[in-house]
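One structure is given here, and the rest of the page talks about it.
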Amino acid sequence: MRAPTPGLQTLADDAGRDPPALLLSTRGDPLRTDGDLAWGWRMAARAEAYDTLSQPARARSTVRQVIDGVSSVDLQLRVELLTRAAMNGLKIEQVDREASSLISALDRKAPDIVSIACLQIARGEARRLSGAPERAVSLLASAYRLTKRPGRELPHLIATEKLARVLNAAGDHLQAIALIEEVIAWDRTHDRKVALANDLYFRGLFNLTRGAYATALADFDRSRVRSPRTSDPVGSAYIDLQTCAALIELRRLPAAEPLCRQAQAVFDASNEPASAQAQLLRAKMEWMSGRYARALELLDHLLEDADRLSSFASAPQAYRLRADVNRAMGRTEGAYRDLERSVRLDERRSAYERSRQTAVLRASFEADRSAARTEELARSLRFSRERESEQAQRYRQLAWSAAAGLVMLGTMLVMGVSHRRKLSRAADTDPLTGLLNRRCLTGRERGLLHREGFGAASTVALLDVDHFKAINDRYGHNVGDEVLKHFAALLASSAGQDDVVARWGGEEFVMVFRHRSAAHALEVLEGIRSRLPEQVETKVSGMQVRFSAGLTSSADGEPLHTVIARADRALYRAKELGRDRFEIDDVTAPTLPEALSAQVGLTLVSPSAEEANETDTRVRRSAWPGRLNG
């Protein structure tokens, strides 16, 4: 979030340029002569500086100091503080609880895309650190695309860096490097020296995990030049550690050994679990140099305490390396035993990944079943009420009839009314999708957009299936019809109880979110996008289906065709800007409205233990390349 004044924003920028100087200049800042708001933003800048210097505990305590010390915190400042705390290890339950409160507060205001994106960053980073990647990627990718516009550079910078780390851990190293290049370009342009040192470290780490060892080594050297070793010794030790790993892969053992020893000394002094990784690298160098006894001694000591292995992948690597050492020393039985342990741990990790994916699919399936049951119950209830109403009307007619002729006439009248209702329902329903049609929607516009005493205006979204003509041309119109039916069912199951969904024509659909904000509508549309693969694509020949949407808010009493025209302009802008995105046409803006673009991406897992979480956030560089055997 941007600070409310230029002076406070300059202070926040210093957190990336020179965090030690910022902490020194704001040290002992109890005086609030310019008010609680300015003091709160200065403390937020201090939290960012601690984050840059890999000190998450101090970052969290600084955030807590503001929350405990100010009775009423400004909404934007609350968003900023929550984001900073989440990036430094705040528990996922606390993040979700505070984010829900902030979303409710935002719903009562005009749409604030930057605040929404920052809350997505907070929730995504909390999930990444606690081991829920399937949601972390989705949230971070959405925040990345929501902020990819002029004026939103600061949250976009954070979303880009966090998304790059998740994608690299998922194995998409080239995409991760492309993202971190965006961050490097920004920090270099704005002279954020310490932040740039972190960026170069991560680019080196991504190159190391993809096997580009010489390129990684060059990045680590550039990062070391810019890193404040005095004020961030742990961060500098991680640069030394990964430089040692790259040198080992390049068979430059004399240069690698002092770096590993130096890193391990810092880690031991700071009680960092990464000390085990440094010792593992040292054991590998002893093995490569033919000093098998020394290598075995280091590995035996390391494997005595499994808790020292901070990465889940380190244990099988350590057993595999000791198997190689035992084999070189002629200890065949010990080699086979360690190799068996390594394979068993690898299989356990693979089984864990499979079980996690199965759990995600099961949860999605249960959600679909629950939605189907709810829809069926609602349909049965509506039918029962209609039938009871018809019967009551028929009985009243019979009771009022005094003669057989009047009874007959009343019965015919009731049957005629029922028939007209059925005809009316048929005329109001789209025969392909079962949704309301355009005729019905325009006929209801008087009560559709009227506020009826509600404070919030309604939000109207016009959705269009991207490249639908190409689907028809390639797969045939029957398949195209199936795409529309499944897409319509997804829209209907995603809509709220008071919302209205209709087919506007062809591949275009309208969703009216009655008395709900654009922020709420965006969350629903993002949910629809994330459910497209299992709800539409896998049910229709496995093809890829995407959609674009234009959104706008309605003024009280405004004609429906005017609102739809505004949404259509936003939809056209989304198509012009590349499709698979959302655009907002804000009715309250006096000038050209600000557009909104959003899409959803991927996810990954890390250890859930609180200590591991603390370590990962403190260092912000603890990702492990996973390469110890040559």
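The values are calculated or read from the model by the stated rules, or taken from the named source; none is laboratory data. Bear in mind that the values here come from a model prediction, so they are computed numbers and not experimental data. Neighbour counts are summed over all protein chains in view; Cβ atoms, including those assigned to glycine, are modelled from backbone coordinates with ideal geometry. Just so you know, the surface numbers come from the protein's heavy atoms only, side chains and all, with ligands and any DNA or RNA stripped out. Shrake-Rupley method; radii C 1.70, N 1.55, O 1.52, S 1.80 Å.
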Extension gain from Asp473 to Gln497, taking 0.36 nm per residue of separation minus the Cα-Cα distance: 5.0 nm
Accessible surface of the stretch 111-164 [probe 1.4 Å, protein heavy atoms]: carbon and sulfur percent: 53 percent
Long-range HN-HN contacts of Asp499 with modeled amide H, under 5 Å: Arg514
In nm, spacing of pseudo-spin labels at Gln391 and Thr538 (7 Å Cα→C-beta vector): 4.2 nm
Cut-off under 5 Å, modelled amide H: who pairs with Thr429 long-range: Asn437
Leading residue at positive end of dipole, the stretch 230-283 (Cβ point charges), from Ser270, Thr243, Thr230: Thr243
Cross-link pairs Lys91/Lys539; Lys91/Lys284; Lys162/Lys539; Lys485/Lys575; Lys193/Lys575; Lys162/Lys193 - those with Cα-Cα distance over 30 Å: Lys91/Lys539; Lys91/Lys284; Lys162/Lys539; Lys193/Lys575
Distance in nm between pseudo-label sites at Glu181 and Arg27 (7 Å out along the Cβ direction from Cα): 4.1 nm
Accessible area of Val194 in the full protein assembly, 1.4 Å probe (Å², nearest 10): 10 Å²
Distant-in-sequence amide H partners of Trp504 (H built 1.01 Å from N, under 5 Å): Phe509, Val510
Dipole magnitude of the stretch 97-189, debye to nearest 20 (Cβ charges: Lys/Arg +1, Asp/Glu -1, about Cα centre): 280 debye
Segment Glu340-Leu577, length gained on full extension (0.36 nm per residue, minus Cα span): 79.9 nm
Accessible-area value, Tyr292, 1.4 Å probe, nucleic acids and ligands omitted, Å²: 80 Å²
By accessible area with a 1.4 Å probe, ligands and nucleic acids excluded, highest first: order of Leu81, Leu174: Leu174, Leu81
Per-residue ³J(HN,Hα) for the stretch 470-483, Karplus 6.51 cos²θ - 1.76 cosθ + 1.60, θ = phi - 60°, Hz, x for Gly and Pro: 5, 5, 4, 5, 7, 10, x, 5, 5, 5, x, 5, 5, 4
Computed FRET value (nearest 0.05) for Arg569 with Arg439, which takes r as the C-beta separation and R₀ as 30 Å: 0.85
Ser494 accessible area, 1.4 Å probe, all protein chains in place, Å² to nearest 10: 30 Å²
Arg474, Arg203, Arg222, ranked by accessible area, largest first (probe 1.4 Å): Arg474, Arg222, Arg203
Under the Karplus curve 6.51 cos²θ - 1.76 cosθ + 1.60, θ = phi - 60°, whole-Hz ³J(HN,Hα) for the stretch 253-266, x wherever Gly or Pro sits: 5, x, 6, 7, 4, x, 5, 5, 5, 5, 5, 5, 4, 5
